[in-house]
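Student: One structure is given below, represented as structure tokens, and several questions about it will come after.
Since every read-out is calculated from the coordinates, none of them should be taken as a lab result. Keep in mind that what you see is a predicted model, and the values were worked out from it rather than measured. Cβ sites come from the backbone with ideal geometry, for glycine too, and all protein chains shown count toward neighbours.
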Amino acid sequence: MSHELITIFAVLSSYLLGAIPFGLFFTKLFSGIDVRTIGSKNIGATNVLRAAGKKAAILTLLADALKGFLPVVIVHLLFRNDVTTVLSGVAAILGHNFPVYLKFRGGKGVATSFGVVLAVSPWIGLVCLLAWGAAVFIWRYSSLSALVAFACYPLLTYLAARPDSKPQEALSIFIFGMSYYRHRENIKRLIAGTEPKIGIK
């Protein structure tokens, strides 16, 4: 098998792993409810919290983060190529946001994106997580916290840039853009003052 085919297989596998709808699975397991019929109808951890409680939400959060983290780490160890590693991360995020298993109707990719960032740039990922945590503590809006964290990501990536870090810079722009695109309705509600806070059903 050629190197190109192996690369395509690795990226496709990252997409298929990212597309696993853990939020749907854990919500049905703990409450018997289809999370796509509750609240924002999103399969992410915040909506799972509304639909099925803390345990299901925590498991969804961890599983969604791991499906971003694990494929990137595995692909990096196998290929030692930054472009292939970044493509794997992009594929995992696209899998969560547009899962083939759910007719391409997925989540917003926050936890999966954090998993990818932590795999690619652990220290930058930790700073972004701290920014997310601070925003949650101050404002109690899940969407706003994600937007703050992923706005920090490109800035931190460019500040830490090296001559060979172009793929990571491109990834940071992709995650920033995808996050804001997927949260466009949340942004409208934040501006209107109608966005629900964390923990409110």
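Student: For Glu4, Glu195, Glu185, Glu169, which order do you get if you count the other beta carbons within 10 Å of each Cβ and list the fewest first?
Tutor: Ranking Glu4, Glu195, Glu185, Glu169 by Cβ neighbours within 10 Å, fewest first, gives Glu4, Glu185, Glu169, Glu195.
Student: May I ask you to compute the full-extension gain from Glu169 to Ser2, defined as 0.36 nm times their residue separation minus their alpha-carbon distance, rounded to one decimal in nm?
Tutor: Numbers: separation 167, 0.36 × 167 = 60.12 nm, distance 2.81 nm.
Answer, rounded to one decimal: 57.3 nm.
Student: Moving to a separate point now. Sequence neighbours fewer than 8 away in the same chain don't count; with that in mind, list the lysines whose C-alpha is under 22 Å from Lys54.
Tutor: Lys28, Lys41, Lys67, Lys108, Lys197, Lys201
Student: Taking the mean number of other Cβ atoms within 10 Å as a proxy for protection, how do you rank 157-168, 113-124 from highest to lowest?
Tutor: Output ranking for 157-168, 113-124: 113-124, 157-168.
Student: For the range 137-201, state the semi-axes of the equivalent ellipsoid (square roots of 5 times the eigenvalues of the alpha-carbon gyration tensor), sorted largest first and rounded to whole angstrom.
Tutor: They are 29, 12, 8 Å, listed largest first.
Student: List the extent of the Cα atoms of the chain along each of their three principal axes, largest first, rounded to whole Å.
Tutor: 49, 37, 25
Student: A further question on this structure: Angle check, please: helix 110-120 long axis (alpha carbons) against the longest principal axis of the chain (alpha carbons), in degrees 0 to 90, nearest 10.
Tutor: That helix lies at roughly 30 degrees to the long axis.
Student: Let me ask something else. Which value does Rg/Rh take for the range 49-125 over its C-alpha atoms, Rh per Kirkwood? Please report the intermediate quantities before stating the final value.
Tutor: Values: Rg = 13.1 Å, Rh = 12.8 Å.
That ratio equals 1.02.
Student: A further question follows. Would you mind ranking Asp64, Asp34 so that the residue whose beta carbon has the fewest other beta carbons within 10 Å leads the list? Don't jump to the answer; show the numbers that get you there.
Tutor: On the way: Asp64 29, Asp34 13.
By the 10 Å Cβ count, ascending, the order reads Asp34, Asp64.
Student: Which one, Val120, Phe9, Ser145, projects farthest toward the positive side of the charge dipole computed for the chain from Cβ point charges (K/R +1, D/E -1)?
Tutor: Projecting each Cα onto the dipole axis, the largest value belongs to Ser145.
Student: If you don't mind, another one. Consider just the alpha-carbon atoms of the range 49-88 and return their Rg together with their Dmax, both in angstrom.
Tutor: 14.2, 41
Student: Report the charge-dipole magnitude of the chain in Debye, nearest 20, computed about the Cα centre from +1 at each Lys and Arg Cβ and -1 at each Asp and Glu Cβ. Walk me through the numbers on the way to the answer.
Tutor: Numbers: 20 positive and 8 negative charges, 175 e Å.
I would put it at about 840 debye.
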